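Only the coordinates and a few stated rules stand behind these numbers; no lab work does. Predicted model, so just to flag it, every value in this text is computed and none were measured. So basically every Cβ, Gly included, is an ideal-geometry build from the backbone, and we count neighbours across all protein chains shown.
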């Protein structure tokens, strides 16, 4: 991979003011973990489309005092509203100078990073860790534009291109922990993600046939319509409540989104990750499949398709754990 700085700028020892930009959910969660690993940062301004989760996440890691700017939520591939987001960021940069614009996506990166670069900032796109075999649509758009640096979170860079370089991964911060024997499943957390408009009803229906009747379940269902199902589904659960439930649960079952996986890892859990499938209109593509496979290969999660989920599989995951490294590696940026 090519590790050159396409902006033509030279690195100095001066501390940097960072504009950290991402949509909500897993993209923001990744950004939140990557920014502290940047060298020479004096100030961080956060920009996200999320209107609730971001505040909870920043407070949870002691960064609630840092500036947070919201831009309107946009659905995936909504170019009109993404352009409006870029205009909001342009106004912000005119008021407050920054040196580096960093984004983990998704679509917001394709409009905001070129805008930041045109305004004189170093602009860096770190592709989501969910992208194992090649760039997302946002990454493919950005690789056609000069001046924006392109970074992958996977060391081999398979499926990327000569402009991309590897800078390390959010998953490098974790390692498998000890295992134990687990009996009956008492408490379970099921979280389907909150990305609209995609539901994941297949997973809910499968779990209703697998989970024992005595199991206490917290269901975060996102955009999935469960009104006719015998569960107490909640579209969105506040981050502190969800994390407390994960901490107390025997096992976490989730779509194979990076944000949910990272939260489980932080709490020492080895989640069961079930990828959404595009053929069922559960996502824009099948990028969650290699994500689940990759995390299972690291020993950090169990990967299962919907039809492969069994009570025994869930008990196996409940007996595994994940440890967080005390000193994660510095990002090569």
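At a 10 angstrom cut-off on C-beta neighbours, averaged per residue, how do the peptides 174-187, 239-252 rank from highest to lowest?
Sorting 174-187, 239-252 by mean packing, highest first, produces 239-252, 174-187.
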**Complete:** Looks like segment 279-333, by Cα gyration tensor root eigenvalues a ≥ b ≥ c and the a/c under 1.5 rounded cutoff (else prolate when a/b is bigger than b/c, oblate otherwise), is oblate
**Request:** Decide, for segment 157-208, between rounded, prolate and oblate: order the square roots of the alpha carbon gyration tensor eigenvalues as a ≥ b ≥ c, take rounded if a/c falls under 1.5, and otherwise choose prolate if a/b is larger than b/c, else oblate.
**Result:** oblate
**Asked** Normalised by the residues of segment 74-231, what does the relative contact order come to in percent, with Cα pairs under 8 Å and at least six apart?
**Response** 15
**Item:** Between segment 184-257 and segment 88-107, the Cα center-to-center distance that results, in Å
**Value:** 35
**Sum of -39500 (n - 2.57) over DSSP H runs of 4+, divided by residues of the chain (222 nm, nearest 500)** = -8500 deg cm²/dmol
**Prompt:** Taking the radius of gyration and the Kirkwood hydrodynamic radius from Cα positions alone, what is the Rg/Rh ratio for segment 176-324, to two decimal places?
**Reply:** 0.92
**Prompt:** Is the shape of segment 16-168 rounded, prolate or oblate, going by the alpha carbon gyration tensor and its root eigenvalues a ≥ b ≥ c, with a/c under 1.5 for rounded and a/b larger than b/c for prolate?
**Reply:** rounded
**Prompt:** For the chain, what's the relative contact order in percent, using C-alpha pairs closer than 8 Å and at least 6 residues apart?
**Reply:** 18
**Asked** What is the helix-to-structure angle for 201-210, meaning the angle in degrees between its Cα long axis and the longest Cα principal axis of the chain, kept from 0 to 90 and rounded to the nearest 10?
**Response** 30
